[in-house]
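What follows is a single structure, written as structure tokens, with notes after it.
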Amino acid sequence: MKLRFLGGAGEVGRSAILVNESLLLDYGMKTETPPQFPVGTVEPEAAVASHGHLDHVGSIPSLLSGDRRPPIHWTPPTRELALTLARDTLKLHGGTYDCPFTEVDVRRVTQVSETHGYRESFEAAGHEVTFFNAGHIPGSAHVLVDDGETRLLYTGDFHTDNQRLVAGTTARPDADVVLTESTYSDVSHEDRATLEERFAESVKTALWEGGTVVIPAFAIGRTQEMLMICEAHDIPCYVDGMGKQVTKMLRRHPEFVRDSDALQRAKSHARFVDGRDGQRKRIAAQNTAIVTTSGMLSGGPAMTYIPEIRDRPVNKIALTGYQVEGTPGRDLLETGSAEIDGQRMPVAAQVESYDFSAHADRDGLHAFLESYRDTPLLVNHGDKCEQYATELAGDGFDATAPSIGETIDI
């Protein structure tokens, strides 16, 4: 089996691996300025997507430009999430170099899409492919690829611990080679129950003191997780941004969430914002929590809420995920100010950060990979892939870290 790494090796973003020059695993984009896309040119016979995040599916419609029509294989939630992200990219960047596809290409995705459930094997570009629940977001999958001689397990992004929205992965399919993510290979997450209690107590305290709490959250996965936490702890909340659409969509796929009844309760508990007639400014003055995009304060309705609540120390901004260097969220954490809608703003409101990660941490990665101690490992999707591969090798694993553009025979 031959693997060519077009992106995602030694970095987080633009994941793309070509198997045997015919089957493409993921085709994402890296959200920098300007965005980065997978390297080289590729015309696969078929593509398989592990899950619906921009760094894994953001470039998929571009595979359908011209006369090319490779089938796209994914789970039902991943299909819907990918289309939602593609339409949002068109809205933001359509017709510019920051968008590698057109509206026509996005429509073609619906024509070539083929959806599959977990543990249902299917054929793609002459390979037998099987999805297993990866425990990352709804519809996320480990991808097992069998070319008749070699079985490759592509982990995609995964989590071994339960979240409220999805259960941690328990799948450990037999494989001859494992291509693993390593996003949090040098991080240990706080115990989830302890983290949640600390978050809920902080939000409730701010509300009791008369404040407003803005909770920036990624639209896919994180928004729904925060809504479920708010409902479980009886925290009054609004929900705004793309997360509203994703929340409604996930209700149509109850088999891909851990507790569909709990998600429905969370949806009913939250008040959905339409943004008309100055509604957001009125909400910002209320004694409530607001779950909204974007998770790193780089756009979305947060651009309205943060200026409205920033000057009162009783208010709070509760960041819920990793803040990439150079984003307004990272600036806010490090300097107490951020560039919001093109204007540098000092923030007197309290700023807190909570690691509600949907990735396995150092211990989770090791626990998963222990099942493959006698299996060659390829480490990608992380900022420290080489260091982690070296560490694994020192622990007795056969581990290496590929580079972007590299082709490996396994």
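The values are calculated or read from the model by the stated rules, or taken from the named source; none is laboratory data. Computed from a prediction, not measured in an experiment: that's the story for all the values here. Positions of Cβ are generated from backbone atoms using ideal geometry, with glycine treated the same way; all protein chains shown enter the neighbour counts. Protein only, heavy atoms only, side chains kept; ligands, DNA and RNA dropped before computing areas. Shrake-Rupley method; radii C 1.70, N 1.55, O 1.52, S 1.80 Å.
The HN-Hα couplings worked out from phi for region 338-354 by the Karplus form 6.51 cos²θ - 1.76 cosθ + 1.60 (θ = phi - 60°) are 7, 8, 10, 6, x, 10, 6, 10, x, 10, 8, 4, 5, 10, 10, 10, 10 Hz, whole numbers, x standing for Gly and Pro. Karplus-based coupling profile of region 156-166, in residue order and whole Hz: x, 8, 8, 9, 9, 9, 6, 10, 5, 7, 9, with θ = phi - 60° in 6.51 cos²θ - 1.76 cosθ + 1.60 and x standing for Gly or Pro.
If you take every residue apart from residue 353 with its C-beta less than 15 Å away from the C-beta of residue 353, what net charge results, scoring Lys and Arg +1 and Asp and Glu -1?
Working: positive: 198, 222, 316, 330; negative: 190, 196, 325, 331, 334, 352, 355.
Here the charged neighbours net out to -3.
Amide hydrogen proximity for residue 75: with H placed 1.01 Å from N in the peptide plane, the residues at 5 or more positions away or on another chain lying under 5 Å are 116. Site pair residue 43 and residue 395 shows an inter-label distance of 4.4 nm when each label is modelled 7 Å from Cα along Cα→Cβ. Shape class of region 177-278 from the Cα gyration tensor (axes a ≥ b ≥ c, square roots of the eigenvalues): oblate, since a/c reaches 1.5 or more and a/b does not exceed b/c.
Taking the DSSP beta bridges with both ends in region 280-410, the antiparallel portion is around 40 percent.
Applying 1/(1 + (r/R0)^6) with R0 = 56 Å to the Cβ-Cβ distance of residue 170 and residue 286 gives a FRET efficiency near 0.85. Averaged over residues, the count of other Cβ atoms within 10 Å places the peptides 381-391, 258-268, 239-249, 86-96 in the sequence 239-249, 381-391, 258-268, 86-96, highest first. A simple spin-label model places the labels of residue 258 and residue 149 4.2 nm from each other, with each point 7 Å out along Cα-to-Cβ.
Apply the a/c threshold of 1.5 to the C-alpha gyration tensor of region 193-245 and tell me whether it is rounded, prolate or oblate. List each step's numbers first, then the result.
Numbers: a/c = 2.18, a/b = 1.43, b/c = 1.53.
Oblate shape, in that a/c is at least 1.5 and b/c is the bigger or equal ratio.
Length gain on complete extension for the stretch residue 366 to residue 345, per 0.36 nm per residue less the alpha carbon to alpha carbon distance? Mind showing how you got there, number by number?
Working: separation 21, 0.36 × 21 = 7.56 nm, distance 4.17 nm.
Additional length available on full extension: 3.4 nm.
So I have (i) 22.4, 72; (ii) 20.1, 58; (iii) 21.0, 64, and one of them is Rg and Dmax of the Cα atoms in Å calculated from this model. Which one is it? From the options (i) 22.4, 72; (ii) 20.1, 58; (iii) 21.0, 64, the structure gives (iii). Modelled this way, with points 7 Å down the Cα-to-C-beta line, the labels at residue 2 and residue 128 are 2.4 nm from one another. Determine the sum of side-chain charges near residue 56: Lys and Arg each +1, Asp and Glu each -1, restricted to other residues whose C-beta is under 12 angstrom from that of residue 56. Spelling it out: positives minus negatives among the neighbours equals -2.
I'd like the FRET efficiency for residue 114 and residue 268, computed as 1/(1 + (r/R0)^6) with the beta carbon distance as r and R0 of 25 Å, rounded to 0.05. According to the calculation, E is roughly 0.15. Summary value for region 262-342: 24 percent relative contact order, contacts being C-alpha pairs under 8 angstrom separated by 6+ residues. Taking the chain as the region of interest, the number of lysine pairs whose Cα atoms are within less than 30 Å, with members eight or more places apart or on different chains, is 25. For residue 124, the residues whose amide H sits under 5 Å from its own are 129, ignoring neighbours fewer than 5 places away on the same chain, with H placed 1.01 Å from N. Once you list every other residue whose beta carbon is under 12 Å from the beta carbon of residue 14, what net charge do they have if Lys and Arg are +1 and Asp and Glu are -1? Value of the local net charge: -3. Shape of region 228-364 from the C-alpha gyration tensor: oblate (a/c of 1.5 or more and a/b not above b/c, with a ≥ b ≥ c the square roots of its eigenvalues). For residue 401, the amide hydrogen comes within under 5 Å of the amide hydrogens of 379, counting only partners 5 or more places away or on other chains and with H modelled in the peptide plane.
Counting only heavy atoms of protein chains, what accessible area per residue, in Å², does region 330-410 have with a probe of 1.4 Å?
Numbers: 3870 Å² over 81 residues.
Per-residue accessible area for region 330-410 comes out at 48 Å².
With contacts taken as Cα pairs under 8 Å at a separation of at least 6 residues, the chain carries a relative contact order of 18 percent.
Backbone geometry of region 360-368 corresponds, through the Karplus equation with coefficients 6.51, -1.76 and 1.60 at θ = phi - 60°, to 3J(HN,Hα) couplings of 5, 8, 3, 5, x, 4, 5, 4, 5 Hz, x marking Gly and Pro.
To the nearest 500 deg cm²/dmol, what mean residue ellipticity at 222 nm is calculated for the chain from DSSP H runs of n ≥ 4 alone, each contributing -39,500 (n - 2.57), summed and divided by the residues?
Working: 12 runs with 119 residues, N = 410.
Result for the chain: -8500 deg cm²/dmol, rounded to the nearest 500.
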